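Structure, as structure tokens:
The values are calculated or read from the model by the stated rules, or taken from the named source; none is laboratory data. The model shown is predicted, which means the values in this text are computed figures rather than measured ones. Don't worry about glycine lacking a Cβ; one is built from the backbone with ideal geometry, like all the others, and counts go over all protein chains shown.
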Amino acid sequence: MENQPTLFDLPPESTREKEFKQLRNPIWTENKAKLIECYLYYFVLITKHGTYIDGFSGPQEPDKPGMWSAKLVLESKPRWFKNFYLFEKDPTQISKLEALKTEIVNESDPRLKRKIEIYPGDFNELIPNVLATNPIREKEATFCLLDQRTFECHWNSLITLAGYKKNGFKIELFYFLTAAWLDRSIAAVKNEMILENWWGNSGWSALRGMKNCKRAKFVASRIKDELHYESVVPWPIYSREDRGRVMYYMIHATDHPIAPGLMHRAYHKALSPKESPEQFELEFAEWKGERSQ
Ligand SMILES: C[S@@+](CC[C@H](N)C(=O)[O-])C[C@H]1O[C@@H](n2cnc3c(N)ncnc32)[C@H](O)[C@@H]1O
């Protein structure tokens, strides 16, 4: 048992997808938001503070609020995330965000002093200026969700986020990559500039016809090599209806040595009742103790 990964470790690379498929409750599309919420719960228990950026923050399924990442993160406790920067282009979605903000502000303790900013417009155009005018400290733990539909997030925006901090851990990214429909989605695009902006150059054509898993690793390697993250791991998100087919990957890019293990734990535990902060801290302390022996 000595070499068995614990829930704070990453399993060995070669077994990862197989292992996930065998999980009793793998992460289905409808519980992706729970994965994000669970990861950020662990994140904030470690950091005790944080900034959450959501580039594409309107609800994917407006009738299912339990699947809306921004809502789950805003409602999550302990309320140690202090800054929320939420971007959205669609006016109907913006009004949903405004209503959510009002609800959260009304029921929050004003002493918390949380900053919840909604930026209406194109995330790609807005993000450089928002970062320039809302300086994030080098030591501020910052997580950015990039939950695009297919090709809306420009590569240049990833460069902006990854290059923002000069010394501290870079802004963490959680980036959506289509799996099941990527070839079809590429074929359906009429204006190639959409793909060029998404990929950052004309190299997107190399993705055609690749197997899902290989493509996810290819994109993860590119993020690691070009944006210089210490760890970049694609996490498969399955379809419940389609016999466990991988629908998409959420690619987690981070410099923090603990973060990949926290995501591993969240992936396995997102659907179980949350452990209390005390329980989590106890297990984490034991794990650290074992590592240092
Ligand atoms: C897949 S949904 C996000 C789902 C959401 N994360 C959730 O948990 O339900 C993508 C959202 O991004 C918005 N959007 C699309 N292009 C955008 C852009 N360039 N800038 C900002 N928002 C955009 C869409 O209107 C939509 O609300």
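What the table shows:
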{"quantity": "Single unsatisfied condition, A285 versus (1) surrounded by fewer than 21 Cβ atoms within 10 Å (Cβ to Cβ); (2) within 19 Å of the chain's Cα centre (by Cα)", "calculated": "(2)"}
{"quantity": "Number of the condition not met by M250 [criteria: (1) in contact with a Phe, Trp or Tyr (Cβ under 7 Å, 6 or more places away or on another chain); (2) modelled with pLDDT under 95; (3) not acidic (D, E)]", "calculated": "(2)"}
{"quantity": "Selection count where residues are modelled with pLDDT under 75 and touching a helix residue (DSSP H, G or I) at 6+ places or on another chain (Cβ under 6 Å), scope the stretch 1-40", "calculated": "0"}
{"quantity": "Residue within the stretch 21-39 that is within 16 Å of the ligand (Cβ to nearest atom), among the aromatic types (F, W, Y) and either in a loop (DSSP other than H, G, I, E, B) or buried (at least 21 other Cβ atoms within 10 Å of the Cβ) (or both) present", "calculated": "yes"}
{"quantity": "Tabulated pairs, the stretch 120-148, first over 16 Å from A162 (Cα atoms), second within 9 Å of the ligand (Cβ to nearest atom) and of a type outside the set (A, V, I, L, M, F, W, C), C-beta under 6 angstrom, 6+ apart or interchain", "calculated": "D122/K89"}
{"quantity": "The stretch 187-203, residues that are over 22 Å from W235 (Cβ atoms), of a type in the set (A, V, I, L, M, F, W, C) and surrounded by 12 or more Cβ atoms within 10 Å (Cβ to Cβ)", "calculated": "V189, I194, L195"}
{"quantity": "Residues (within 24 Å of L131 (Cβ to Cβ) and acidic (D, E)) located in the stretch 64-105", "calculated": "E88, D90, E98"}
{"quantity": "Single residue of E103, E125, E61 found to be under 20 Å from D147 (Cα atoms) and at pLDDT 95 or above", "calculated": "E125"}
{"quantity": "Any hit, the stretch 228-241, residues being part of a helix (DSSP H, G or I), surrounded by fewer than 17 Cβ atoms within 10 Å (Cβ to Cβ) and either without any contact (Cβ under 8 Å) to a residue 40 or more places away in the chain or under 18 Å from the mean Cα position of the chain (by Cα) (or both)", "calculated": "no"}
{"quantity": "Helices (runs of 4 or more DSSP H) (entirely within the stretch 48-153) containing at least 1 residues that are more than 23 Å from F280 (Cβ to Cβ), aromatic (F, W, Y) and within 13 Å of the ligand (Cβ to nearest atom)", "calculated": "123-133"}
